[in-house]
Amino acid sequence: SSRQPEDLMNMQHCNLLCLPENYQMKYYFYHGLSWPQLSYIAEDENSKIVGYVLAKMEEDPDDVPHGHITSL
């Protein structure tokens, strides 16, 4: 799982380099603070983040608990 604030910054860097849909840094921090157990990183042999999963739980109290992957 993502364990440190710099992991979130490096996730954003990976996103900016590899994906057409980009998010502001506050979006990564929101996910990291709200659902830290749902963020995962993939690192290469030099500990550089080369992939990630950013997910969240939906918060509607009247709905069945469920979540979704925000960015992969």
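The values are calculated or read from the model by the stated rules, or taken from the named source; none is laboratory data. It should be emphasised that the depicted structure is a prediction, and the values quoted were computed from it without experimental measurement. Every residue, glycine among them, receives a Cβ derived from its backbone with ideal geometry; neighbour counts consider all protein chains shown.
Checking the structure you have, find out if any residue of the stretch 32-46 is over 18 Å from I69 (Cβ atoms), in contact with a strand residue (DSSP E or B) (Cβ under 6 Å, 6 or more places away or on another chain) and in a loop (DSSP other than H, G, I, E, B).
So far as the stretch 32-46 goes, yes, one or more of its residues are over 18 Å from I69 (Cβ atoms), in contact with a strand residue (DSSP E or B) (Cβ under 6 Å, 6 or more places away or on another chain) and in a loop (DSSP other than H, G, I, E, B).
Which one of the conditions (1) surrounded by fewer than 10 Cβ atoms within 10 Å (Cβ to Cβ); (2) under 13 Å from the mean Cα position of the chain (by Cα) does M57 fail to meet, given that it meets all the rest?
Checking M57 against (1) surrounded by fewer than 10 Cβ atoms within 10 Å (Cβ to Cβ); (2) under 13 Å from the mean Cα position of the chain (by Cα), the one that fails is (1).
From the list N15, N10, N22, which residue is touching a residue at least 40 places away in the same chain (Cβ under 8 Å) and either outside any strand (DSSP E or B) or not polar (S, T, N, Q) (or both)?
Checking each option against the conditions leaves just N15.
Hey, among the residues in the stretch 37-47 that are surrounded by fewer than 12 Cβ atoms within 10 Å (Cβ to Cβ) and closer than 13 Å to D7 by Cα, which one's modelled with the highest pLDDT?
A42
Cβ-Cβ below 6 Å, separation at least six or inter-chain, first residue in the stretch 39-68 and under 14 Å from M9 (Cα atoms), second surrounded by 10 or more Cβ atoms within 10 Å (Cβ to Cβ) and of a type in the set (D, E): which pairs?
Final answer for the pair search is I41/D7; I49/E43.
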